[in-house]
Amino acid sequence: MEVTSPRTAEEFERYFALRWQVLRDPFQQPRGSERDDLDRPGSGTEHAVIFGDSGEAIAAGRIQLNSPEEAQIRYMAVAESRRGEGLGRLIVRRLEEIARQRGAKYAVLNARDEAVGFYRALGYIVVGVGPTIFGSVTHSRMQRLL
């Protein structure tokens with residue numbers, strides 16, 4: 001599977017559709033809630049996506065620099081039907097590569113409780129309590145040296 005960056009408006013729509021489907025729809029959040037101000041062109045974020053054989057986005061994530069040393073991985077999503085295939089690992093490793101190229105020394109992320117084990121297997125450690133979203137979805141703040 002190839003990790004790419006969405007380039008066209010159509011590719012971005014498929015990318016955002018996956019983010020909404022995995023990260024927001026299960027919590028009855030509206031379309032558009034899967035995006036933030038840093039998703040606009042020129043914001044300095046980078047997006048990574050894997051498209052399936054029929055062109056649908058099956059794995060996605062974003063990296064942003066919070067400071068020259070700190071990169072943050074956000075909006076990680078893997079289609080439920082494709083979990084366990086290593087797609088999330090491919091996305092994380094690509095985002096880390098981008099962060100290193102930009103000079104970041106470490107990466108942080110807020111992992112939902114059910115994803116902590118996945119990130120631990122990739123070398124991340126829990127460094128604190130993350131946010132609670134939608135009133136009930138708790139996160140752990142995790143970090144890894146790059």
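The values are calculated or read from the model by the stated rules, or taken from the named source; none is laboratory data. In this text, all values refer to a predicted model and were calculated from it rather than measured experimentally. Areas reflect the complete protein model, heavy atoms only, side chains present, ligands, DNA and RNA absent. Shrake-Rupley method; radii C 1.70, N 1.55, O 1.52, S 1.80 Å.
Using each residue's phi in segment 84-91, evaluate 6.51 cos²θ - 1.76 cosθ + 1.60 at θ = phi - 60° and report the 3J(HN,Hα) Karplus result to the nearest Hz, with x for Gly and Pro.
Running phi through 6.51 cos²θ - 1.76 cosθ + 1.60 with θ = phi - 60° gives x, 9, x, 5, x, 4, 4, 5 Hz.
Please list, ordered by chain and number, the residues whose modelled amide H lies under 5 Å from the amide H of M76; skip anything fewer than 5 residues away on the same chain.
For M76, whose amide H was placed from the backbone, the distant partners under 5 Å are R62.
When N counts the residues of segment 68-146, how does its alpha-carbon radius of gyration compare numerically with 2.2 N^0.38 Å, as a ratio?
Working: Rg = 12.6 Å, N = 79, 2.2 N^0.38 = 11.6 Å.
For segment 68-146, the normalised Cα radius of gyration comes out at 1.09.
Ordered by residue, what ³J(HN,Hα) values in Hz, to whole numbers, does segment 19-30 give under the Karplus form 6.51 cos²θ - 1.76 cosθ + 1.60, where θ = phi - 60° and Gly and Pro are x?
Values, residue by residue: 4, 5, 4, 8, 9, 10, 4, x, 10, 6, 8, x Hz.
Could you tell me whether the chain comes out rounded, prolate or oblate from its Cα gyration tensor? Rule is a ≥ b ≥ c as square roots of the eigenvalues, rounded for a/c under 1.5, then prolate if a/b exceeds b/c, otherwise oblate.
rounded
Using a probe of 1.4 angstrom, how much of the accessible area of the chain is carbon and sulfur, in percent? Intermediate results must be reported in sequence, preceding the final value.
Details: 3720 of 7680 Å².
About 48 percent, which is the carbon plus sulfur part of the accessible surface.
Hey, can you grab everything whose amide H is under 5 Å from the amide H of G130? Only 5+ residues off in sequence or another chain; H modelled, so Pro and N-termini drop out.
H139, S140, R141
Would you list the P(r) distribution for segment 1-57, with all Cα-Cα distances sorted into 10 Å bins from 0 and each bin expressed as a whole %?
22, 53, 24, 0
Sum -39500 (n - 2.57) across every DSSP H segment of at least 4 residues in the chain, then divide by the residue count to get the 222 nm mean residue ellipticity, nearest 500.
Numbers: 3 runs with 36 residues, N = 146.
Value at 222 nm, helices only: -7500 deg cm²/dmol.
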